[in-house]
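Student: Questions regarding the structure given below will be posed in turn.
The values are calculated or read from the model by the stated rules, or taken from the named source; none is laboratory data. Computed from a prediction, not measured in an experiment: that's the story for all the values here. Backbone-built Cβ (ideal geometry, glycine too); neighbour counts: all protein chains shown. For accessibility, only protein heavy atoms count, side chains too; no ligands or nucleic acids. Shrake-Rupley method; radii C 1.70, N 1.55, O 1.52, S 1.80 Å.
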Amino acid sequence: TMPELPEVQRARRELEACALGRKLVLADAVEDNIVYVGDAQAKVKHALEGRVLKEVVRKGKNLCLVTDGGPWQVAFHFGMTGAFRIAGKESISYQSLRKGSKRADSDKEESLEWPPRFSKLLL
């Protein structure tokens, strides 16, 4: 299933807990021609790398990272499967809330692969 507002809010709180007020030493925007169009990959790296995270704002399924870098802000949309993974912390798993449905991932073990296979940005 997909992330809903509580999962996005949890991601916001977890991101704040581990990074708020800290310098983002590395911002590696992983090459992906669908996610990053044109020079967006370089712009994301420039907007985050070396900056201090000042605020994480949630608006619906969007998270916006506000840094000390001036007008730059980087927004993330959680869409159908979006999530943040934090090294050393349990991942958020989405479950269906439909009546009578079995949790799809209940028998799966969480991968310890780092970075996660489909990562688009590593901080």
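Student: Can you pull out every residue in the stretch 41-84 that is of a type in the set (Val, Ile, Thr) and not in a loop (DSSP other than H, G, I, E, B)?
Tutor: Going through the stretch 41-84, the residues of a type in the set (Val, Ile, Thr) turn out to be 44, 52, 56-57, 66-67, 74, 81.
Matches in the stretch 41-84: Val44, Val52, Val56, Val57, Val66, Thr67, Val74.
Student: Of all residues being among the charged types (D, E, K, R) and either touching a strand residue (DSSP E or B) at 6+ places or on another chain (Cβ under 6 Å) or within 16 Å of Cys18 (Cα to Cα) (or both) in the stretch 50-60, which is surrounded by the most Cβ atoms within 10 Å (Cβ to Cβ)? Just the residue, please.
Tutor: So the first thing to find is which residues in the stretch 50-60 are among the charged types (D, E, K, R), and the list is 51, 54-55, 58-59.
The next check asks that each one be either touching a strand residue (DSSP E or B) at 6+ places or on another chain (Cβ under 6 Å) or within 16 Å of Cys18 (Cα to Cα) (or both); those that pass are 51, 54-55.
Working: Arg51: 20, Lys54: 13, Glu55: 12.
Taking the candidates together, the pick is Arg51.
Student: Working only within the stretch 5-39, note down all residues that are without any contact (Cβ under 8 Å) to a residue 24 or more places away in the chain, charged (D, E, K, R) and either within 20 Å of Gly60 (Cα to Cα) or surrounded by 11 or more Cβ atoms within 10 Å (Cβ to Cβ) (or both).
Tutor: Arg13
Student: Across the stretch 61-105, what is the total count of residues that are over 23 Å from Ala29 (Cβ atoms) and either at pLDDT 70 or above or open to solvent by 90 Å² or more (accessible area, probe 1.4 Å) (or both)?
Tutor: Kept after step one, since they are over 23 Å from Ala29 (Cβ atoms), are these residues of the stretch 61-105: 90, 93-105.
Those still in the list that are either at pLDDT 70 or above or open to solvent by 90 Å² or more (accessible area, probe 1.4 Å) (or both) too: 90, 95, 97-99, 102.
Adding up the residues that qualify gives 6.
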